[in-house]
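Laboratory data are not the source of any read-out in this text; all were calculated from the coordinates shown. Computed from a predicted structure; not experimentally measured. All Cβ positions, glycine included, derive from the backbone under ideal geometry; neighbour counts span all protein chains shown.
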Amino acid sequence: TLAPDKPEPVSQAEATASDKAQVLGAVTRVAEELREALGDTTPSSSQQAETFTAGSLDAMRAYTLAQDLSTAQRDAEAAEKYREALRHDPEFGRAYSGLGASLLRLGNREEAEKNWNEALRRTDRMTEREKLRTSGGYYLGIARNIDKAIQDYGQALALAPGDKTATFVARRDYGFGA
């Protein structure tokens, strides 16, 4: 990290990845070290609007594009990108839940439920925040258990107040979350 008034770096960080699948974890470690060196004490989970655990850069890229398409209400295109992410990483739970959400909005409830169930089978590879967002979406869209959806999205907001998805759902559907 450079400062405009100093010729030497303010801080440095490095991490090694043994293969392509380890790059994401290495980048996260470097980012955390640099934030800490610069005095940022905010927990990592509060730094990002979206978090997800992917097994490859290709899966991450496809998932990110799918999320953007979904946000733009282009769910047919989003569904294809979620499927692409799953081709790169068949254990990518958040891609299954994203695909489920897009399919539900496209009116394919049966296929949406199948994909959400696949996501829920893969929570062992998710962070707590990912688990809560996945189950919150399931309870809202598939199980139609509004109380449980409120509970899970509320917990996601408690973990990461900057969580844009949980905040949006909480505000839009339930009238809470500032």
key: Extension gain from Asn117 to Asn145, taking 0.36 nm per residue of separation minus the Cα-Cα distance   = 8.5 nm
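Ordered by packing density, taken as the mean number of other Cβ atoms within 10 Å over each peptide's residues, highest first, how do 89-99, 118-128, 134-144 rank? Show your work: numbers first, answer last.
Details: 89-99: 25.1, 118-128: 16.7, 134-144: 20.4.
Put in order of decreasing packing, that is 89-99, 134-144, 118-128.
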ask   = From the Cα gyration tensor of the stretch 77-122, with a ≥ b ≥ c the square roots of its eigenvalues, which class applies: rounded if a/c is under 1.5, or else prolate if a/b is larger than b/c, or else oblate?
value = oblate
note = Around Ala112 (Cβ within 14 Å, Cβ-to-Cβ, excluding Ala112; K/R +1, D/E -1) the net charge comes to 0
request  = Report the label-to-label distance for Gln73 and Ala13 in nanometres (one decimal), using points 7 Å from each Cα along the Cα→Cβ vector.
outcome  = 3.9 nm
